Every structure is written in structure tokens, then in C-alpha cells.
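Trainee: My structure is below; once you've seen it, I'll send some questions.
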Amino acid sequence: EKKVVAMDKEGFPFDYNAMIASALGQPSTAFGSIYLPFDGPRQVARLPGPPYHFMSRVTKVEGELGTCALGTTIELEYDIPQDGWYFRENGYPVMPFAVLLEAALQPCGWLASAVGSALLENKDLYFRNLDGTGTLHRELNHLSGTLCTRVTIKNISRSGGMIIEAFDVSCFVGQQKVYTLQTV
């Protein structure tokens, strides 16, 4: 089955290779030409790599990336592996909450990068989760399939070399709500 992959305005695909590059590769391989300044010695915030990487592809972008605009929204999918290590290592056959939380938060970090947040500062930036409130609606197991996470930037504040961003997050499998979160 062919999966839908969103692209930037230059036709750069936000596929699995781009998702892995957001952790381990050149930043321009992750986010396209807007991140060329970070392919050299300048550092950029990174998302976790395997085995803590829980993003497969971006399927939808609403708003213009690289503009730090409030209301910019993405939909990002994670193909839950039937033989995932976290199912084997958990004492109960469900996705551990720590994995689900990462699968919900990593798209926030991806969106913060994709809108160009790091381009606003001359200093290197790092990701930190400061606050959040969430509701777990159902658990996931090894047969759940693909988790779709919808993330919207609700607020951006800059002060003292820091950028603080607030997000609304909703996670679904098919039409079933799995987890909702407001996070900073």
C-alpha cells in the first residue's frame, strides 16, 4: 500500500528518510533547503533516533513551513511495528505510555523545526518539554496499525535566546481517538 507523503513548496518529500534525518542526518535532508545553514558547523535541535524514533512520514501540512506562523498544522504518521521491542519488553501487551507520549511529542518537535524556529536565533537551540496536560482515550497493541498525530502550533514566544511554543495534539488510529494533549 502506497502511503501519502506531504511535500514542501519546492517538492521536498517529508518521508521516512526525512524523518530519520531529523534525528541523525543533515538538517537539509530532513527539512529541505530552509535548513541548509545547519548542514555545516552550526548545531540544530535533534529528535531521537532509533530505537526511540516514532515517526514514519508527514501526510499533511496546513500553513506555510518556514514562516513560524501560528495555526500551522501537520499530520504525521507512525507505523506501529507488530514486533516492536517495546511490546516484547513491556509486562502487558500494550504500547507503554512512555512510547505513546514520545509518538505524540516528536511531531511537535518536528513541526517546531519545520516552521523554521531555529532560523530565528543565532544561538544553537535544544528541545525541552516544559509542561503539558493529556488524556489517554485508549491503549494500543501490536495490531493497532498506524498512529496518526495532528499537531497545531497555538503560541510562540521568544525571550532571552529561547523560543517557547505551545501545541495542541490529537492522536488517532483510524477514526478512534487515542490520546489528546496540550503541551509546551
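Trainee: Looking at region 65-109, which of its residues are open to solvent by 50 Å² or more (accessible area, probe 1.4 Å), of a type in the set (A, V, I, L, M) and assigned to a loop (DSSP other than H, G, I, E, B)?
Mentor: If the condition is that a residue be open to solvent by 50 Å² or more (accessible area, probe 1.4 Å), of a type in the set (A, V, I, L, M) and assigned to a loop (DSSP other than H, G, I, E, B), then 70 is the only one that fits.
Trainee: Now a separate question. Scan region 168-177 and give yes if some residue there is of a type in the set (Gly, Ala, Ser) and at pLDDT 95 or above, otherwise no.
Mentor: There is at least one residue in region 168-177 that is of a type in the set (Gly, Ala, Ser) and at pLDDT 95 or above.
Trainee: Do the conditions hold for residue 29, that is, is it of a type in the set (S, T, N, Q) and part of a helix (DSSP H, G or I)?
Mentor: For residue 29, the condition - of a type in the set (S, T, N, Q) and part of a helix (DSSP H, G or I) - is met.
Trainee: How many residues does region 42-64 contain that are at pLDDT 90 or above and either of a type outside the set (A, V, I, L, M) or open to solvent by 20 Å² or more (accessible area, probe 1.4 Å) (or both)?
Mentor: Counting residues in region 42-64 that are at pLDDT 90 or above and either of a type outside the set (A, V, I, L, M) or open to solvent by 20 Å² or more (accessible area, probe 1.4 Å) (or both) gives 14.
Trainee: With the checklist (1) outside any loop (DSSP other than H, G, I, E, B); (2) open to solvent by less than 30 Å² (accessible area, probe 1.4 Å); (3) free of Cβ contacts under 8 Å to residues at least 60 places away in the same chain in hand, flag the one item residue 168 doesn't pass.
Mentor: (2)
Trainee: A further question follows. Hey, can you tell me all the residues within region 126-146 that are closer than 18 Å to residue 167 by Cα and open to solvent by less than 50 Å² (accessible area, probe 1.4 Å)?
Mentor: 132, 134
Trainee: Determine whether residue 155 is outside any strand (DSSP E or B), under 28 Å from residue 36 (Cα atoms), out of contact with any Lys or Arg (no Cβ under 8 Å at 6 or more places or on another chain) and not β-branched (Val, Ile, Thr).
Mentor: The answer is no for residue 155.
The values are calculated or read from the model by the stated rules, or taken from the named source; none is laboratory data. These numbers come from a predicted model, not from an experiment. Because the Cβ atoms are built from the backbone with ideal geometry, glycine has one as well, and the counts that use them run over all protein chains shown. Just so you know, the surface numbers come from the protein's heavy atoms only, side chains and all, with ligands and any DNA or RNA stripped out. Shrake-Rupley method; radii C 1.70, N 1.55, O 1.52, S 1.80 Å.
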